[in-house]
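J.: Have a look at the structure that comes next, please.
Taken together, the values in this text are just the output of simple stated rules run on the coordinates, not laboratory data. As the structure is a computational prediction, the values presented were derived from the model and not from experiment. Ideal geometry is used to build each Cβ from the backbone, glycine not excepted, and the neighbour counts take in all protein chains shown.
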Amino acid sequence: MIIASGGLIMYLLNHYFTNTIYTFMLPMFLTTIGIGMIRPTASAGAMQAAPHKIAGSASAFFNFISFVSSSIATTLTALFISQVAGFGLLIVLVGIAALVYQKLA
């Protein structure tokens, strides 16, 4: 919910006000806090699902997949989104997708 809230705030600030460093960075700070809360839990879940002998490999693979998917998402975002408000909307959609996935799992 923190990630989606940060994205919504970013969208609203950059849609209704002029684009400044503050209308981008302050909501991005909130979004980063949400990501920082999720990553350790997700990494622990990846290690817990694997047998004890390969828990380190599971953690490394989790981080590898995270970096690869982040680089793909960054490239696609840079290609298709040209305004900060659109980026905020993308963050809202990703946050909502994470909430839906969490409820289904």
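J.: With a ≥ b ≥ c taken as the square roots of the eigenvalues of the C-alpha gyration tensor of the stretch 1-98, please select rounded if a/c is under 1.5 and otherwise prolate if a/b is larger than b/c or oblate if it is not?
T.: prolate
J.: Pick from V68, V92, V84: which residue has the top mean-square fluctuation in a GNM of the chain where Cα pairs under 10 Å get a spring?
T.: Among V68, V92, V84, the largest GNM mean-square fluctuation belongs to V68.
J.: On to the next question. What's the FRET efficiency of A105 with M25 using the Cβ-Cβ distance as r and R₀ = 30 Å, to the nearest 0.05?
T.: Details: r = 32 Å, r/R0 = 1.06.
Step by step, r from the Cβ atoms, then E = 0.40.
J.: Return, ordered by residue number, the residues of the stretch 62-78 whose backbone nitrogen is under 14 Å from a label point located 7 Å along Cα→Cβ of A42.
T.: Within reach of a label on A42: 62-74.
J.: Further question: Between S82 and A60, 0.36 nm times their residue separation minus their Cα-Cα distance comes to what? Walk me through the intermediate numbers first.
T.: Values: separation 22, 0.36 × 22 = 7.92 nm, distance 3.32 nm.
Full extension from S82 to A60 adds 4.6 nm.
J.: Please sort through the DSSP H helices of the chain and keep those with an alpha-carbon extent of at least 27 Å along the long axis and a Kyte-Doolittle average not below 0.5.
T.: Numbers: long enough: 21-49 (41 Å, 0.99); 55-80 (37 Å, 1.27); 84-104 (30 Å, 2.05).
Long hydrophobic helices here: 21-49, 55-80, 84-104.
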